[in-house]
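The block underneath contains the structure these notes are about, expressed in structure tokens.
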Amino acid sequence: MVTGKYYEGVGRRKSAVARVRLFAGSGAFTVNEKPVNDYFHIFSLATEASTPLRATQNESRFTVAAQVKGGGPVGQASAVSLGLARALLAADTTFKSALRKAGLLTRDPREKERKKPGLKKARKAKQYTKR
């Protein structure tokens, strides 16, 4: 666990919530106290989670500690990415243009639609028969 002054950002995606803390340091990246590549077994998800660091050329400047709850792996990776982008913005506002240009500061609002009564799923209805 890293201690000292840090910058924090919260990211959400679907039902996943990530709290990301940035410390001045070596460039270590942990998610739920595991290295990012061990936590996200799929390489593309680990890459997505660390995209804000690459967009601002800060891979080795900050140590990242993320706590993520809820949702599945894809939602968690997106939540970590958004939280990391917000923490970077709190650390230095000059990163805003690079983060905005990469589309990393916009929250994805899509959520699972609830099931409605009388339907099989949110929108799937029984097939209509005329006769």
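The values are calculated or read from the model by the stated rules, or taken from the named source; none is laboratory data. Not measured: the values here are computed from a predicted model. Note that we place each Cβ from the backbone using ideal geometry, even for glycine, and neighbour counts take in every protein chain shown.
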Can you confirm whether region 46-62 contains a residue that is aliphatic (A, V, I, L, M), farther than 13 Å from LEU104 by Cβ and in contact (Cβ under 8 Å) with a residue 24 or more places away in the chain?
-> yes
Which of (1) more than 20 Å from THR3 (Cα to Cα); (2) of a type in the set (Ser, Thr, Tyr); (3) surrounded by 14 or more Cβ atoms within 10 Å (Cβ to Cβ) is the odd one out, the single condition THR63 does not satisfy?
-> (1)
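Quick grid of which residues meet (1) modelled with pLDDT of 95 or more; (2) assigned to a loop (DSSP other than H, G, I, E, B); (3) under 16 Å from ALA24 (Cβ atoms); (4) touching a Phe, Trp or Tyr at 6+ places or on another chain (Cβ under 9 Å):
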residue	(1), (2), (3), (4)
GLU48	yes, no, no, yes
GLN67	yes, no, no, no
ALA77	yes, no, no, yes
ALA87	yes, no, yes, yes
LEU105	yes, yes, no, no
ARG114	yes, yes, no, no
Consider ALA24 against the criteria (1) loosely packed, with under 14 Cβ neighbours inside 10 Å; (2) modelled with pLDDT of 95 or more; (3) not acidic (Asp, Glu): it satisfies all of them except one. Which criterion is unmet?
-> (2)
Screening LYS116, LYS120, LYS96 for residues that are among the charged types (D, E, K, R) and surrounded by fewer than 11 Cβ atoms within 10 Å (Cβ to Cβ) leaves only LYS120
Within region 5-43, of all residues that are in contact (Cβ under 8 Å) with a residue 24 or more places away in the chain, in a strand (DSSP E or B) and among the basic types (Lys, Arg), the one nearest to GLU113 (Cα to Cα) is ARG13
Scan (1) among the aromatic types (Phe, Trp, Tyr); (2) under 27 Å from GLU111 (Cβ atoms); (3) surrounded by 17 or more Cβ atoms within 10 Å (Cβ to Cβ) for the single condition PHE43 breaks and write down its number.
-> (3)
How many residues of region 1-13 are surrounded by 14 or more Cβ atoms within 10 Å (Cβ to Cβ), modelled with pLDDT under 95 and not hydroxyl-bearing (Ser, Thr, Tyr)? The answer is 1
